[in-house]
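Student: Please read through the structure below; I'll follow up with questions.
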Amino acid sequence: MPKGEQTLSPGLLANADGFRIALDTSRERADIVLQRPPLNVVTMPQREQLRQTFEALDRDERIRVIVLRAEGEHFSSGGNIQGFLESTPEAVSDLANNIAAPARCTKPVVAAIRGYCFGVGFELCLACDFRLCGETTLFALPEQRIAQIPGSGGSIRLLHMIGIQRTKDMTFRSRRVSGSEAKDWGMVLDCVDDSQLETTVDELVDELRTFSPLSQRTIKRVLNAAQNTTLETGIEIEGNAYGRLRSSDDFREGVESFHAKRKPDFKGS
């Protein structure tokens, strides 16, 4: 995939710290690639730059799907520990805000993971919509080993995703969870042979592109908002969003193409 850093905001990636952007506008795809091998350690400045990058790609009308991946054998061993000691308590208390950028992004975000996926690297993946991993993947929140706890949303996202017992198992013990176990627990969409990871991601991206951008943005907002509410409130959120989509151009196109037995041409409006 060709690199496309120059097509984003001119100053955004001039000093990109530990990652690059690869754009394929013919496939409406952007890849954010961690590139500080072998362990792709995430620094403090990099967190903020990643937030800015997700927001820039969210505004880019040429892009439909964002993929988060890494160079080398490992996704990320986590954050730069020294950076925490050099930051103020106020700064580190707000770390979850930049790592939540994939969740706030209105477009589908897919994480492609192999090898170590620890600490903030794992938390970043947990904020994505889909996680696909290879068989070599190991997930962990190892902060207990340095007398800390996850600070970028990881434990709370896991709590909602896999329940309190399994979350305590991972966080109390800094336990490493394999890719296959993560699939059984519902932490990842699928765990495949490492050699098939890129192909599996490609297929998912191309499938996501076939749907209406507007309805995808809508269901992402609905699910993100409803996951922390009661059943009744969630149904109300869903119903209101459903009603608004009834007047969209994409809905009309979807109905007309269905009856005409042709492929729909969605515009995202």
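Student: Checking the conditions here, which among MET1, MET44 is under 19 Å from the mean Cα position of the chain (by Cα), at pLDDT below 95 and not acidic (Asp, Glu)?
Tutor: MET44
So that you can scan it fast, the table gives a plain yes or no per residue for (1) in a loop (DSSP other than H, G, I, E, B); (2) surrounded by fewer than 22 Cβ atoms within 10 Å (Cβ to Cβ):
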| site | (1), (2) |
| --- | --- |
| ARG131 | no, no |
| PRO150 | yes, no |
| ARG157 | no, no |
| MET161 | no, yes |
| GLN165 | no, yes |
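Student: Identify, from the list GLU256, GLU238, the residue that is surrounded by 14 or more Cβ atoms within 10 Å (Cβ to Cβ) and outside the structural domain of VAL120 (by TED's automatic domain parsing).
Tutor: GLU238
Student: Any residue that is farther than 28 Å from GLY179 by Cα and charged (D, E, K, R) - is there at least one of those in segment 205-228?
Tutor: Looking for residues that are farther than 28 Å from GLY179 by Cα and charged (D, E, K, R), one finds at least one in segment 205-228, hence yes.
Student: Moving on to the next point. Could we say that VAL120 is at pLDDT 95 or above, assigned to a helix (DSSP H, G or I), farther than 30 Å from LEU214 by Cα and not assigned by TED's automatic domain parsing to the domain that holds GLN227 here?
Tutor: Yes.
Student: Another question about this same structure. Can you name every residue in segment 135-188 that is under 18 Å from TYR116 (Cβ atoms), charged (D, E, K, R) and at pLDDT 95 or above?
Tutor: Residues satisfying the conditions are GLU135, ARG173, ARG175, ARG176, GLU181, LYS183.
Student: Further question: Closer than 21 Å to ALA111 by Cα and among the β-branched types (Val, Ile, Thr): does that describe THR230?
Tutor: Answer is no for this residue.
Student: If GLU135 satisfies every condition in (1) closer than 16 Å to VAL42 by Cα; (2) surrounded by fewer than 24 Cβ atoms within 10 Å (Cβ to Cβ); (3) not hydrophobic (A, V, I, L, M, F, W, C) but one, which is the exception?
Tutor: The single condition GLU135 does not satisfy is (1).
Student: Every residue in segment 219-238 that is over 21 Å from ARG157 (Cα atoms) and not hydrophobic (A, V, I, L, M, F, W, C), please.
Tutor: GLU232, GLU236, GLU238
A quick yes/no check of all residues on (1) free of Cβ contacts under 8 Å to residues at least 60 places away in the same chain; (2) in contact with a Cys (Cβ under 9 Å, 6 or more places away or on another chain); (3) of a type outside the set (D, E, K, R); (4) under 26 Å from ARG62 (Cα atoms):
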site: ARG217; (1), (2), (3), (4): no, no, no, yes
site: ALA226; (1), (2), (3), (4): yes, no, yes, no
site: GLU232; (1), (2), (3), (4): yes, no, no, no
site: ILE235; (1), (2), (3), (4): yes, no, yes, no
site: SER257; (1), (2), (3), (4): yes, no, yes, yes
site: ARG262; (1), (2), (3), (4): yes, no, no, yes
site: GLY268; (1), (2), (3), (4): yes, no, yes, yes
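Student: Could you tell me whether any residue of segment 243-254 is among the acidic types (Asp, Glu) and either closer than 23 Å to ALA127 by Cα or out of contact with any Asp or Glu (no Cβ under 8 Å at 6 or more places or on another chain) (or both)?
Tutor: yes
The values are calculated or read from the model by the stated rules, or taken from the named source; none is laboratory data. Predicted, not measured: the structure shown is a model, and the values here were computed from it. Neighbour counts are summed over all protein chains in view; Cβ atoms, including those assigned to glycine, are modelled from backbone coordinates with ideal geometry.
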